[in-house]
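Undergrad: Sharing a structure below in C-alpha cells format, with a few things to ask.
Please treat every number below as a calculation from the coordinates, not as lab data. All figures in this text were calculated on a predicted structure; none of them were measured in a lab. Neighbour counts run over all protein chains shown; Cβ positions are idealised from the backbone, glycine included.
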Amino acid sequence: MNKIRKYQFAGIIMSLCMAFVPKTFTSADEGDAYKVSYNLTGVTVSPQETEAAEGTSMDMTFTANPGYTLPEELPEGAIQIGGTYLSESDYTYMDGDLTINEVFGDVVITVAGISDDSSTEDPGSSSSGGPYSIVYDLYEVTASKQDGNVKEGTRYSVKLKANKGFKLNPSNVAVQVNNEYVYSGYSYNEGVLEIDSVTGDIIIEAIAIPKASSNKTNNNKNNSTSSNKKPAGSKTSTSSSGSNSKSSQALANSGKSASNYSTGSYRAPRTGDGMDIRYYGAFGLIFLGTGCLLAGKKFK
C-alpha cells in the first residue's frame with residue numbers, strides 16, 4: 001500500500017507541473033517591451049515613445065521645423081525593426097502621419113526634413129534646389145522604383161534586382177550626378193542602392209551579366225560517349241568467314257566429297273564406312289542383360 005500511495009503522489013505532482021509550467025514560460029514571452037529610437041533632421045515627432053510592446057502598432061505625427069518641409073514619402077530603410085528594413089506594406093505614411101502595423105523588435109525611425117533655404121537662391125543658378133530628376137539606365141536589371149523627381153537633400157534608395165539567368169555585381173553599378181560619375185556619397189549593398197543626399201540630376205546605371213552555364217560539361221560528356229559507339233551494320237569479327245574458307249580448301253585438297261554431319265551432341269555414323277563401334281557396345285549390353293535374366297530364372 002505504501003508503494004501505491006507513493007506512485008499516486010508522484011503522479012499528482014507530475015500533473016501539476018504539466019499544468020502550470022508551460023503557462024509560466026508562455027507568459028514570460030508575451031508583452032515584451034522593445035526600445036524605440038529616432039534619427040530626426042529638421043522635424044519633430046509626437047508622441048515620441050521610447051518603448052513599444054511586442055505585437056502592438058505605433059501611431060505618430062511628424063511636424064517640420066521652421067525652414068524645413070516634410071518629405072512626401074519616406075525613403076526605403078527609414079524604418080527598421082529588429083535589424084530589418086520595413087517595406088511600404090508594413091507601414092503607412094501620409095502628410096506626416098506614420099502608422100507601423102506591428103512591433104516585433106527594437107525600432108529605429110529615420111526621418112529628414114527638406115530644407116527651404118534654396119528658395120532664396122537665384123532660380124537661374126545651377127544649385128536652385130531642384131527638383132532633380134532620377135533616371136535609370138538598366139540592362140537586364142529591374143528597379144523597385146521608376147523615373148521621377150525629388151527635392152534637394154532627399155535621401156534616396158532603390159532596390160536593384162538582376163533578371164532571371166543574370167547576376168548583378170557591385171562593380172557594374174554606377175551613379176552620375178549632373179552627367180558626371182561620382183564615387184562617393186552613395187552605397188550599394190545586398191541589392192540596395194542608397195544615395196545619401198540628392199544634389200543634382202541623377203542617372204543610375206546597372207548592367208547585369210549572364211550566369212555561368214553548366215551545359216558545356218554535359219555536352220562534352222555526350223560527345224565522348226557518342227564517339228565510343230560504332231556505326232550500325234559494321235562487322236566486328238571475320239573469324240567465321242575465315243574458318244569456312246580454310247575448311248573448303250582442305251576438303252578440296254583431300255579429294256573426298258562432303259558428308260552431312262550434325263553439329264549437335266549426337267553424331268550419326270558415317271554411311272558406307274562399316275559398322276560404328278557404338279553399335280557393338282549396344283549389342284553387348286543387350287546380350288549381357290539377356291544373360292543376367294536367364295541366369296536369374298535358373299537359380300530360382
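Undergrad: Taking every pair of distinct Cα atoms and averaging 1/r, then inverting, what Kirkwood hydrodynamic radius in Å comes out for the range 55-210? Each step should come with its number before you reach the end.
TA: Values: mean 1/r = 0.0584 Å⁻¹.
Hydrodynamic radius (Kirkwood, Cα only) of the range 55-210 equals 17.1 Å.
Undergrad: Go ahead and collect, in residue order, the members of the range 46-70 whose backbone nitrogen is under 15 Å from a label point 7 Å along the Cα-Cβ direction of ASP106.
TA: Label zone hits: 50-52.
Undergrad: Fully extended, how many nm does the chain gain between GLU49 and SER171 (0.36 nm per residue separation, minus their Cα-Cα distance)? All intermediate terms of the calculation are to be shown ahead of the outcome.
TA: Working: separation 122, 0.36 × 122 = 43.92 nm, distance 4.15 nm.
Between GLU49 and SER171, full extension yields 39.8 nm more.
Undergrad: Please report the relative contact order for the range 142-196, taking Cα pairs under 8 Å with a sequence separation of at least 6, and give it as a percent rounded to a whole number.
TA: Details: 55 pairs, mean separation 21.1, N = 55.
Once divided by the residue count of the range 142-196, the mean separation gives 38 percent.
Undergrad: Any idea how far apart LYS164 and ASN179 come out in nm if each label point goes 7 Å out from Cα toward Cβ?
TA: Output for this residue pair reads 4.0 nm.
Undergrad: Related question: Determine the dipole magnitude for the range 128-167: charges of +1 sit on the beta-carbon of Lys and Arg, -1 on that of Asp and Glu, nothing else is charged, the reference point is the Cα centre, and the result goes in debye to the nearest 20. Please list the in-between numbers first.
TA: On the way: 7 positive and 4 negative charges, 57 e Å.
Roughly 280 debye, rounded to the nearest 20.
Undergrad: While we're looking at this one, here's another question. Measure off 7 Å from each Cα along the Cα-to-Cβ vector at THR290 and SER57, then give the distance between these two points in nanometres to one decimal.
TA: Each label point is offset 7 Å from its Cα along the Cβ direction, giving 12.2 nm.
Undergrad: Exceeding 29 Å between C-alpha atoms, which entries from my cross-link table qualify? They are LYS35/LYS161; LYS151/LYS211; LYS145/LYS211.
TA: Working: LYS35/LYS161 33 Å; LYS151/LYS211 38 Å; LYS145/LYS211 25 Å.
Going by Cα-Cα distance, LYS35/LYS161; LYS151/LYS211 fall outside the 29 Å limit.
Undergrad: Separate question: With bins 10 Å wide starting at 0, give me the P(r) of the range 155-211 over every alpha carbon pair, in whole percents.
TA: 23, 54, 20, 3
Undergrad: Scan the range 173-213 for GluC sites (Glu not before Pro) in coil per DSSP, keeping those whose Cβ has at most 16 other Cβ atoms within 10 Å, and list them by number. Walk me through the numbers before you get to the answer.
TA: Numbers: sites: GLU180, GLU190, GLU194, GLU205; in loops: GLU190.
Qualifying residues, ordered by number: GLU190.
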